[in-house]
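*Asks:* Dumping the structure here so I can ask a few things about it.
No value in this document is a laboratory result; all are computed from the given coordinates. As the structure is a computational prediction, the values presented were derived from the model and not from experiment. Cβ sites come from the backbone with ideal geometry, for glycine too, and all protein chains shown count toward neighbours.
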Amino acid sequence: MTDAARSVAEFDALIIGAGFSGLYQLYCLRERLGLSVQALEAGEGVGGTWYWNRYPGARCDSESHSYCYTFSRELLEEWQWTERYPGDAEIRRYLNHVADRFDLRRDIRFGTRVSSAHYDAAANRWRVTTEKGEQLTAQFLVTAVGCLSTANVPNIPGLETFAGRWYHTGQWPHEGVDFRGKRVGQIGTGSTGIQAAPVIAETAAHLTVFQRTANYSVPARNAPLTDEFQRWAKENFDEVRKVMHATTNGHPFYIDRRRVFDVTDEERQRIYEAAWEKGGLQFRATFHDLLLDKKSNDTAAEFIKNKIRQIVKDPATAAVLADIDHPYAAKRPPIDTDYFETFNRDNVSLVDVRRSPIEAITPEGIRTRDAEYPLDIIVFATGFDAMTGPLLRMDIRGRDGIPLAEVWRAGPRNYLGLQVAGFPNLFTVTGPGSPSVLCNMPVAIEQHVDWITDCIAHMRESGFNRVEADPKAVEGWMEEVQRAVDATLLPQAQHSWYLGANVPGKPRIFMPYAGGMARYRKICAEVAEKGYEGFAFGT
Ligand code: NAP
């Protein structure tokens with residue numbers, strides 16, 4: 001195909017992104033429905049978030065036997081994870097294996113970033129333009145852009161004057177960064193910063209961690225998987241998947257039904273201690289009401305704060321690390337490998353930028369209100385313009401040329417996190433308004449991709465060419481999203497990225513659906529069973 005011919009290429013469906021969701025969506029539309037499909041991927045390889053996030057210590061917080069596709073028994077049988085939590089390189093190997101095994105690469109255009117996608121109502125097609133100027137059209141457009149893929153580099157005055165090197169963790173150089181002999185400053189103590197700091201500290205001459213909001217963390221207790229566990233996970237996968245589908249967060253363990261004050265103080269302490277020793281996100285599953293009742297939550301919060309005070313030897317540093325202002329797990333709860341222990345190293349120091357904010361970056365380093373810190377390297381572990389960012393950085397326009405940015409000016413509005421009213425045949429995998437980031441991602445992704453594939457299959461069987469969310473259904477769903485989060489403690493973390501609070505000027509709306517994956521799955525299935533209630537079809 002010549003470049004010119006390629007630039008007007010027509011397909012049944014276009015998919016934006018070739019991470020976990022884009023790969024599976026490509027497989028489903030091509031293999032199950034026989035559509036002509038192209039996936040457009042900005043990176044030079046598959047992997048999505050894992051293509052970009054190669055920072056020191058990058059590792060998934062979901063356990064490896066549950067952080068995978070479940071659609072292919074053969075794939076499950078043949079793939080062997082090596083550690084309790086998969087590292088970034090191992091996940092990339094897995095996704096590359098998937099791309100090869102299902103021969104997906106031939107329908108992926110790498111190095112192709114979408115700049116705009118406009119709906120042409122007369123033709124009932126999406127017209128997509130890439131940054132290279134290619135033009136493609138398709139009846140269906142599926143965004144598989146991930147929730148955390150638009151790096152948020154804070155606008156700190158003077159960054160351009162910095163004489164050293166700086167990096168955002170979500171855009172990490174593939175060749176790595178050599179910290180040996182360097183004075184490193186790390187801004188940010190979210191899940192990423194908590195993973196990165198201990199590894200950076202191992203080689204840096206000195207690491208200064210700039211903490212704005214103190215954070216909880218529970219040990220991950222990562223370890224190589226034993227042969228016995230690997231065998232067990234394969235032999236029992238149907239049961240494991242059943243649990244993943246039946247739980248709130250899509251993990252392979254249930255949230256205990258007991259409530260915090262159902263047990264004695266001693267018993268509760270014993271339960272927390274056991275969960276701390278076991279490690280991982282299961283700590284959050286110790287009691288049913290941890291995210292529902294502030295008093296209950298306080299017991300877990302206090303337990304972790306005490307752990308921080310016990311681990312960190314310098315009482316002043318421990319006090320800053322334990323000065324946490326939000327309920328446990330109201331922000332995404334990190335898990336770590338020796339994070340708090342890292343502050344006992346001679347080459348690591350902590351700066352409280354809540355008390356003494358960063359004022360500027362100078363040629364020499366970072367200047368806070370009270371001091372200047374000379375640095376050779378700055379690491380921004382400052383997160384992402386989450387969920388809406390990756391969609392709004394493209395110029396997406398629906399019916400009558402209305403920009404998505406305008407429809408979402410006051411925050412994202414859609415039906416089931418899947419479709420925006422006025423944007424026919426556009427589907428958003430793990431869009432805002434779906435459980436997405438509150439769930440083990442592959443579970444949320446498979447559910448969305450299967451649902452979208454079934455919906456398109458239904459259209460083809462029924463002779464429909466167009467599907468669009470009904471504005472009334474959007475209204476109702478937005479109320480449900482609000483109701484769900486209001487029943488939890490999640491809104492109490494005022495500076496959470498779930499609320500868009502980390503990006504200046506972003507509307508403060510709780511974006512993911514907090515009603516739980518199991519409930520959400522049931523709602524989506526019922527909608528489909530009722531003839532896709534809330535969606536309007538056209539020929
Ligand atoms: P994040 O949770 O948004 O954390 C960003 C950190 O940077 C926060 O500590 C934030 O402080 C700080 N920050 C931002 N702007 C700042 C500024 N101008 N000055 C000082 N500090 C600033 O981002 P993340 O750690 O990259 O994690 C994002 C999400 O990615 C996670 O919640 C998780 O869902 C996912 N993730 C998953 C894994 C995994 O599975 N292993 C690993 C990493 C990330 P404030 O809190 O005060 O805003």
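*Asks:* Return the Rg/Rh ratio of region 384-539 with Cα-based radii and a Kirkwood Rh.
*Replies:* Radius of gyration relative to Kirkwood radius: 0.95.
*Asks:* Convert each backbone phi in region 349-356 into a coupling constant with the Karplus relation 6.51 cos²θ - 1.76 cosθ + 1.60 (shift: θ = phi - 60°), then list the ³J(HN,Hα) values in order as whole Hz, x for Gly and Pro.
*Replies:* 9, 10, 10, 8, 8, 6, 6, 10
*Asks:* If you don't mind, another one. When the Kirkwood radius is taken over all Cα pairs of the chain, what Stokes-Einstein diffusion coefficient follows at 37 °C and 0.692 mPa s, in µm²/s?
*Replies:* Estimated via Stokes-Einstein, D reaches 135 µm²/s.
*Asks:* What does a probe at ASP395 reach in region 421-450, counting residues whose amide N is under 20 Å from the point 7 Å along Cα→Cβ?
*Replies:* Those under the cut-off are 423-424, 426.
*Asks:* Enumerate the amide H contacts of LEU148 below 5 Å, restricted to partners 5 or more residues apart or on another chain; note that Pro and chain-start residues carry no placed amide H.
*Replies:* MET387
*Asks:* Helix-only estimate, please: 222 nm mean residue ellipticity of the chain, summing -39500 (n - 2.57) across DSSP H runs of length 4 or more and dividing by its residues, to the nearest 500.
*Replies:* Computed mean residue ellipticity for the chain: -9500 deg cm²/dmol.
*Asks:* Something else: Each residue of region 405-417 in turn: what ³J(HN,Hα) in whole Hz from Karplus with 6.51, -1.76, 1.60 and θ = phi - 60°, glycine and Pro shown as x?
*Replies:* Result, ordered by residue: 4, 6, 4, 9, 3, 9, x, x, 9, 7, 10, 6, x Hz.
*Asks:* If I histogram all Cα-Cα distances within region 334-401 using bins 10 Å wide from 0, what percent of pairs lands in each bin?
*Replies:* Result returned by the calculation: 14, 30, 28, 16, 9, 3, 0.
*Asks:* Something else: Among LEU14, LEU148, LEU350, which comes first, then next, by fewest other beta-carbon atoms within 10 Å?
*Replies:* LEU350, LEU148, LEU14
*Asks:* How far is helix 265-278 tilted, in degrees, relative to the longest principal axis of the Cα atoms in the chain, given as a value from 0 to 90 rounded to the nearest 10?
*Replies:* 70 degrees
*Asks:* Same structure, new question: How much length is gained on full extension from ARG257 to VAL153, taking 0.36 nm per residue of separation minus their Cα-Cα distance?
*Replies:* Once the chain is fully extended between ARG257 and VAL153, it gains 33.4 nm.
*Asks:* On to the next question. Based solely on C-alpha atoms, express the radius of gyration and the Dmax of region 157-293 in angstrom.
*Replies:* Spelled out, the Cα radius of gyration and Dmax of region 157-293 are 20.3, 57 Å.
*Asks:* Right, next: Can you tell me the order of 517-528, 432-443 when each peptide is scored by its average per-residue count of other Cβ atoms within 10 angstrom, highest first?
*Replies:* Highest mean packing first, the order is 432-443, 517-528.
*Asks:* From Cα coordinates alone, what are the radius of gyration and Dmax values for region 424-515 in angstrom?
*Replies:* 15.4, 47
*Asks:* When DSSP assigns beta bridges and you keep just the ones with both residues in the chain, what percent turn out antiparallel, to the nearest 5?
*Replies:* 40 percent
*Asks:* If we count other beta carbons within 10 Å of each Cβ, what is the order of TRP276, TRP172, fewest first?
*Replies:* Lowest count first: TRP276, TRP172.
*Asks:* Going by alpha carbons, how many degrees (0 to 90, nearest 10) lie between the helix axis of 471-486 and the longest principal axis of the chain?
*Replies:* 20 degrees
*Asks:* If you don't mind, another one. Once you have the Kirkwood Rh of region 331-454 from its Cα pairs, apply Stokes-Einstein at 4 °C and 1.567 mPa s and quote D in µm²/s.
*Replies:* Stokes-Einstein gives a translational diffusion coefficient of 70 µm²/s.
*Asks:* Spelling out what I want: for every residue of region 305-319, take phi, set θ = phi - 60°, compute 6.51 cos²θ - 1.76 cosθ + 1.60 (Karplus), and round to whole Hz; glycine and proline get x.
*Replies:* 4, 5, 4, 4, 5, 6, 6, 7, 6, 7, x, 5, 5, 4, 5
*Asks:* For GLY158, what residues show an amide H to amide H distance below 5 Å, using hydrogens built from the backbone and excluding near sequence neighbours?
*Replies:* Result for GLY158 returns ILE361.
*Asks:* While we're looking at this one, here's another question. Using the alpha-carbon atoms, what tilt in degrees (0 to 90, nearest 10) does helix 88-101 show relative to the longest principal axis of the chain?
*Replies:* Rounded to the nearest ten degrees, it is 20.
*Asks:* Continuing with this model, one more query. How much of the DSSP beta bridge set in region 1-147 is antiparallel, as a percent to the nearest 5?
*Replies:* 45 percent
*Asks:* Here is a follow-up. What are the residues whose amide H is under 5 Å from the amide H of GLU134, where those residues sit 5 or more places off or on another chain and H is modelled from the backbone?
*Replies:* none
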